[in-house]
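Peer 1: Got a structure for you, questions after.
The values are calculated or read from the model by the stated rules, or taken from the named source; none is laboratory data. Because the structure is predicted, anything quoted here is derived from the model rather than measured. Every residue, glycine among them, receives a Cβ derived from its backbone with ideal geometry; neighbour counts consider all protein chains shown. Surface accessibility is based on the protein's heavy atoms, side chains included, excluding ligands, DNA and RNA. Shrake-Rupley method; radii C 1.70, N 1.55, O 1.52, S 1.80 Å.
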Amino acid sequence: MTDAVAPGRVSRLPGESRPALQLSFEFFPPKTDDAEDRFWGSLHRLAPLSPRFVSVTYGAGGSTRERTLRMVSKISSETGINAAAHLTCVGASRDEVDEVVRGYKAAGVKRIVALRGDPAAGVGQKFEPHPDGYANAAELVAGIRRIGDFDISVAAYPEKHPESPDWDQDIDNLKRKIDAGADRAITQMFFDNDDYLRFVDRAQKAGVTAPIVPGIQPIHSFKQVANFATRCGASVPSWLGDRFEGLEDDPETHALVAAAVAAEQVTELVDQGITEFHFYTMNRAKLVLALARVLGRRAV
Ligand code: FAD
């Protein structure tokens, strides 16, 4: 790695105290009453950690449009935490997407995580934009900026987006999103910190100055996370599989290993000067609470 201080990284002299950390938490909109109870239970446990924001994902093709807006509005009104609504442009015209953005604005939502979305035919298939739609996330960011003064986050991929033919095109795309008006990038999950640190260096060399916040996936279920990682192009190192091997029927040891793995990941990143973290909570609080403690963040 180079010694240069990359976006989102802070250099520190020996003995100097750590700068304040910024945490954000990602949730998905629940589908059932039980799931909604779990959502609020977890949110209320994590809220005292004073996250910078809590974000709620958006189903492909707008399938969670109402639920995402309802959860985001309720998070703001009931907890006072800044809430961010995800938004994708897959399968929708510009007018339809703009209407959702205006709906967010009218509901007082100030933060958007702007994404293209996966191809309607499935991850790995060719992406066909709607004939009257935004063709990619950079166009979406520009469209959102035309409608309101939102805080905008975009996605970044420490192992390259699966559709990017090479690194130059991948980093160019990130740069276009930032140049179109995004305030930060949040990364896809990764398990090898060197992938992330190399990516940040590449982006910095290409002129990206916005923070690139690591997206941390605590492993609530190795099987589920490994499946999901493979589908979205994140690799699962063999050492990680080895650590969880044989723990399918031993949830207690699985949870302890998951906490140890994630703690190792975040402390190593803090040692590299990283001060912002985005946690994929899967609507669960326990592991994220433990990690916040490891990072020195207590409920206030
Ligand atoms: P883009 O930035 O548009 O890039 C997609 C690909 O197209 C890249 O390979 C890029 O290089 C290429 N590309 C873009 N523009 C051009 C161009 N002009 N010429 C050539 N190539 C180009 N999905 C959901 O459905 N809902 C969510 O809520 C959601 N939240 C997410 C949150 C985070 C933090 C992350 C990392 C991902 C999330 N996703 C979500 C997944 C995301 O939608 C997919 O990864 C999707 O495949 C790409 O979205 P993007 O915004 O990165 O697309």
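Peer 1: Please state which of the following conditions residue 278 fails to meet, knowing it meets all the rest: (1) open to solvent by 30 Å² or more (accessible area, probe 1.4 Å); (2) not in a helix (DSSP H, G or I).
Peer 2: (1)
Peer 1: Looking only at the stretch 131-140, filter to residues that are open to solvent by less than 30 Å² (accessible area, probe 1.4 Å) and not in a helix (DSSP H, G or I); which one of those is farthest from the ligand (Cβ to nearest atom)? Don't jump to the end; show me each part of the working.
Peer 2: Filtering the stretch 131-140 for residues open to solvent by less than 30 Å² (accessible area, probe 1.4 Å) gives 133-134, 137-138, 140.
From the residues that got through so far, the ones that are not in a helix (DSSP H, G or I) too are 133-134.
Working: 133: 12, 134: 9 Å.
Step by step, filter the stretch 131-140, then rank; the result is 133.
Peer 1: Hey, can you tell me all the residues within the stretch 141-175 that are of a type in the set (A, V, I, L, M) and either over 25 Å from residue 99 (Cβ atoms) or within 11 Å of the ligand (Cβ to nearest atom) (or both)?
Peer 2: Hits for the stretch 141-175 are 141, 154, 155, 156, 171, 174.
Peer 1: Just give me the residues in the stretch 46-56 being crowded, with 18+ Cβ neighbours inside 10 Å and either touching a helix residue (DSSP H, G or I) at 6+ places or on another chain (Cβ under 7 Å) or at positive phi (or both), in sequence order.
Peer 2: 46, 47, 49, 54, 56
Peer 1: Follow-up. Can you confirm whether residue 250 is open to solvent by less than 90 Å² (accessible area, probe 1.4 Å), of a type in the set (D, E, K, R) and without any contact (Cβ under 8 Å) to a residue 40 or more places away in the chain?
Peer 2: Working: open to solvent by less than 90 Å² (accessible area, probe 1.4 Å): yes; of a type in the set (D, E, K, R): yes; without any contact (Cβ under 8 Å) to a residue 40 or more places away in the chain: yes.
It is true that residue 250 is open to solvent by less than 90 Å² (accessible area, probe 1.4 Å), of a type in the set (D, E, K, R) and without any contact (Cβ under 8 Å) to a residue 40 or more places away in the chain.
Peer 1: Across the stretch 117-130, which residue is nearest to the ligand (Cβ to nearest atom) among those that are open to solvent by 40 Å² or more (accessible area, probe 1.4 Å) and modelled with pLDDT of 90 or more? Steps first, answer last, please.
Peer 2: Our first condition is that a residue be open to solvent by 40 Å² or more (accessible area, probe 1.4 Å); within the stretch 117-130, this holds for 118, 120-121, 123-126, 128-130.
Those left that are additionally modelled with pLDDT of 90 or more: 118, 128-130.
On the way: 118: 4, 128: 12, 129: 9, 130: 13 Å.
Applying the filter and picking the extreme gives 118.
Peer 1: Right, next: Test residue 102 against the stated conditions and say whether it is at pLDDT 95 or above, within 16 Å of residue 140 (Cα to Cα), surrounded by 19 or more Cβ atoms within 10 Å (Cβ to Cβ) and not acidic (Asp, Glu).
Peer 2: Details: at pLDDT 95 or above: yes; within 16 Å of residue 140 (Cα to Cα): yes; surrounded by 19 or more Cβ atoms within 10 Å (Cβ to Cβ): no; not acidic (Asp, Glu): yes.
Judged against the criteria, residue 102 is not a match.
Peer 1: Let me ask something else. Which pairs have Cβ atoms under 8 Å, sit 6 or more apart or on different chains, and link a residue in the stretch 32-45 that is exposed (fewer than 15 other Cβ atoms within 10 Å of the Cβ) to one that is in a helix (DSSP H, G or I)?
Peer 2: Once the first residue is exposed (fewer than 15 other Cβ atoms within 10 Å of the Cβ) and sits in the stretch 32-45, its partners that are in a helix (DSSP H, G or I) give 44/79.
Peer 1: What are the residue pairs meeting all of these: first residue in the stretch 125-137, first residue basic (Lys, Arg), second residue open to solvent by 30 Å² or more (accessible area, probe 1.4 Å) and within 12 Å of the ligand (Cβ to nearest atom), Cβ atoms under 8 Å, and 6 or more apart or on different chains?
Peer 2: Partner pairs satisfying both residue conditions: none exist.
Peer 1: Also, quick follow-up: Against the conditions (1) out of contact with any helix residue (DSSP H, G or I) (no Cβ under 8 Å at 6 or more places or on another chain); (2) among the β-branched types (Val, Ile, Thr); (3) within 7 Å of the ligand (Cβ to nearest atom), where does residue 178 fall short? Just the number, please.
Peer 2: Residue 178 satisfies every listed condition except (3).
Peer 1: Quick test for you: out of 194, 242, 170, pick the one residue that is of a type in the set (Asp, Glu), more than 25 Å from residue 28 (Cβ to Cβ) and surrounded by 15 or more Cβ atoms within 10 Å (Cβ to Cβ).
Peer 2: The match here is 170.
Peer 1: While we're on this one: Can you run down the residue pairs with Cβ atoms below 9 Å, 6 or more apart or on separate chains, where the first is in the stretch 89-110 and on the phi > 0 side of the Ramachandran plot and the partner is basic (Lys, Arg) and at pLDDT 95 or above?
Peer 2: Note: no pairs meet the criteria.
Peer 1: Say whether the condition of being within 23 Å of residue 155 (Cβ to Cβ), hydrophobic (A, V, I, L, M, F, W, C) and open to solvent by 30 Å² or more (accessible area, probe 1.4 Å) is met by at least one residue in the stretch 61-79.
Peer 2: Within the stretch 61-79, one or more residues are within 23 Å of residue 155 (Cβ to Cβ), hydrophobic (A, V, I, L, M, F, W, C) and open to solvent by 30 Å² or more (accessible area, probe 1.4 Å).
Peer 1: In the stretch 75-90, which residues are out of contact with any Pro (no Cβ under 9 Å at 6 or more places or on another chain) and within 16 Å of the ligand (Cβ to nearest atom)?
Peer 2: 75, 83, 84, 85, 86, 87, 88
Peer 1: Taking the stretch 81-121 only, how many residues are within 21 Å of the chain's Cα centre (by Cα), closer than 29 Å to residue 42 by Cβ and of a type outside the set (Val, Ile, Thr)?
Peer 2: Number satisfying all stated conditions: 15.
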